[in-house]
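Just below is one structure, and these are the notes that go with it.
The values are calculated or read from the model by the stated rules, or taken from the named source; none is laboratory data. Keep in mind it's a predicted model, so treat the numbers as computed, not measured. Please note: Cβ atoms are built from the backbone with ideal geometry, for glycine as well, and neighbour counts cover all protein chains shown. The protein model used for the area step is the full one, side chains on, heavy atoms only, and it has no ligands, DNA or RNA in it. Shrake-Rupley method; radii C 1.70, N 1.55, O 1.52, S 1.80 Å.
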Amino acid sequence: MGQPRGASGGRAPVRVTAIASLTPLEELEADPFLVDSRSQHAMCARWAAERGYVVARELLVGGLRFDHCALWDGVRPGVDVFVAPSRRVLERAVSSVEEFTAECARRGVRVETVGRAEPSYDAQMKARVHRRLSMPTAGYDGR
C-alpha cells in the first residue's frame, strides 16, 4: 500500500509530531533545557526540515499516558513520526517510554529522537526563558 499521494500526484510529506516536555518553571536553574519547550520544539523542527518532513503538530506534555487521545489525534500509520529532542525529554513527556514506543510500533508509527547536544544555558538565556514563561499573558514573546 505505499504512502498517500498529494494533490499533485507526488508522495504526501511525512508529518511530524514534535514532543516537548512540560516541566515546571521552578526547575529552570537545575535543568533549563527541560523547561525551555521553545528550544525543544525548535530542535525537532530543524530535525524535520533536514529530512524534508513537515511539523504538523507540536505537543507540550508532561507524564502523558501512552494511549492518551492527545498523542494520537489524526496520526496516520506509515506517514507520521513522533520526534523528541532526546530520550530524557521523552521520559518527562510521557508516563512510560516503553509503553509509548510499544504503542507506536503497534500502530505503525515511528518514534525518533533528535540526538543532538542540548544547548548550554548561561544566566542571560535562563533569564529569557524565565521572562517568556512567567509573562505569557503580557504579550512577551521571549525575544
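Solvent-accessible area per residue for the chain at a 1.4 Å probe radius, Å²?
55 Å²
Quick one: which residues, 5+ away or cross-chain, put their amide H under 5 Å from the amide H of V81? H built at 1.01 Å from N.
The answer is R15, V16, T17.
Report the charge-dipole magnitude of segment 1-120 in Debye, nearest 20, computed about the Cα centre from +1 at each Lys and Arg Cβ and -1 at each Asp and Glu Cβ.
Here the size comes out at about 780 debye.
Kindly report, to the nearest 10 Å², the accessible surface of D122 as traced by a 1.4 Å probe over protein heavy atoms only.
80 Å²
What translational diffusion coefficient, to the nearest whole µm²/s, does segment 8-76 have by Stokes-Einstein, given a Kirkwood radius computed over alpha-carbon pairs, a temperature of 20 °C and 1.002 mPa s viscosity?
In µm²/s, the coefficient rounds to 159.
What is the gain in length, in nm to one decimal, between R131 and R87 on full extension, counting 0.36 nm per residue of separation less the C-alpha to C-alpha distance?
Here the answer is 13.2 nm.
Match the structure shown to one of the listed values (i) 29, 17, 13; (ii) 29, 23, 13; (iii) 22, 16, 15 of semi-axes √(5λ) of the Cα gyration tensor in Å, computed from it, and give that label.
(i)
Given only helices, namely DSSP H runs of n ≥ 4 each adding -39500 (n - 2.57), what is the per-residue ellipticity at 222 nm of the chain, to the nearest 500 deg cm²/dmol?
-10000 deg cm²/dmol
Which trypsin sites (Lys or Arg not before Pro) from segment 20-67 combine a DSSP loop assignment with at most 10 other Cβ atoms within 10 Å?
Hits after loop and neighbour filter: nothing returned.
Leaving out ligands, DNA and RNA, and with a 1.4 Å probe, what % of the accessible surface on the chain is carbon or sulfur?
52 percent
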